[in-house]
Amino acid sequence: MKNKLLIAILLVVVIAVCAFYYFKQDNLTEEGVIQQNQENISQNRGKMVTDDFEIDVPEGWNKVPEPSMGVSAMAVNSSEETNDPAIELINFKSYVAVSYDTLNGKNLAGYMQDVKNGLTQLVSEEVSFGEEKDTIVNGMNARKLELEMTQQGADFKVLIVAVEGNNGDVWTISFNTAKSKWDSYKEEFLSVVDSFTLK
């Protein structure tokens, strides 16, 4: 399995750990994120914009100035509240992340199968796969996968959409939220996916 793909899988698997680490860093407090967000994307409020792509951000979510290794862009709902004790304990906040990889000669179905195989190996019985199907995102071929997983005693719902770019490129958009919040976020997540455009 390619290194970049493994990194992307690991990012999904350790969503709670990443969020906990992010919110505990002294230099990335909620106020700091909001201030840096306002400075960095004041001209593109409500969007994550890079040299390669643009994607909408749900209202009130904050762009992370320096996302984790392997992630091109990330936005977090830093003001999110929960009544789920397990989610509250690890200070998890819902987020969207975009990462880059190459298909390495595979089609989208094969690429997503690699993602599923990696997740199965890493978290085994703690992950269950739901709906998976082909879709179109702004004229680009894409494949969508929903899954549920448990990490650190908390239940999560994840949406992964792999979008085929140019010359064998693939852009993976992942939404990670508490399972209890999935129904309230699903339509908004799908709307964000539909806003994804390559430059």
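The values are calculated or read from the model by the stated rules, or taken from the named source; none is laboratory data. This one's a predicted model, so the numbers in the text were calculated from it and none came from an experiment. Heads up, the Cβs are rebuilt from the backbone with ideal geometry, glycines too, and the neighbour counts pull from every protein chain shown.
Screening the candidates Glu131, Glu81, Glu66 for the property of being acidic (Asp, Glu) and touching a Lys or Arg at 6+ places or on another chain (Cβ under 8 Å) yields one hit, Glu131.
Scan the stretch 137-147 for residues that are surrounded by fewer than 20 Cβ atoms within 10 Å (Cβ to Cβ), of a type outside the set (S, T, N, Q) and more than 14 Å from the chain's Cα centre (by Cα) and the total you get is 2. One residue stands out in the stretch 162-179 among those that are over 28 Å from Asn83 (Cα atoms) and without any contact (Cβ under 8 Å) to a residue 40 or more places away in the chain: the one that is surrounded by the most Cβ atoms within 10 Å (Cβ to Cβ), namely Val163. Of all residues in the stretch 72-89, those that are closer than 15 Å to Ala154 by Cα have Cβ atoms under 8 Å from Cβ atoms of residues that are among the small types (Gly, Ala, Ser) and crowded, with 17+ Cβ neighbours inside 10 Å, 6 or more apart or on another chain, in Thr82/Ala178; Asp84/Ala154; Asp84/Ala178; Ala86/Ala154; Ile87/Ala154; Ile87/Ala178; Leu89/Ala154. For the stretch 45-94, taking the residues that are closer than 29 Å to Val170 by Cβ and among the hydroxyl-bearing types (Ser, Thr, Tyr), the one that is surrounded by the fewest Cβ atoms within 10 Å (Cβ to Cβ) is identified as Thr50. The single condition from (1) at pLDDT 90 or above; (2) touching a strand residue (DSSP E or B) at 6+ places or on another chain (Cβ under 8 Å); (3) over 19 Å from Glu54 (Cα atoms); (4) of a type outside the set (S, T, N, Q) that Gly110 fails is (2). Look at the stretch 130-152: where a residue is in a strand (DSSP E or B) and a partner is among the aromatic types (Phe, Trp, Tyr) and modelled with pLDDT under 95, sitting 6+ places away or on another chain with Cβ atoms under 8 Å, you get Arg143/Tyr111; Leu145/Phe129; Glu146/Phe129; Leu147/Phe129; Glu148/Phe156; Met149/Phe156; Thr150/Phe156. For the stretch 147-190, what are the residues that are under 14 Å from Tyr95 (Cβ atoms) and charged (D, E, K, R)? Within the stretch 147-190, Lys157, Lys181, Glu188 qualify.
Going by the structure shown, is Phe129 farther than 20 Å from Asp56 by Cβ and surrounded by 15 or more Cβ atoms within 10 Å (Cβ to Cβ)? Yes, satisfied.
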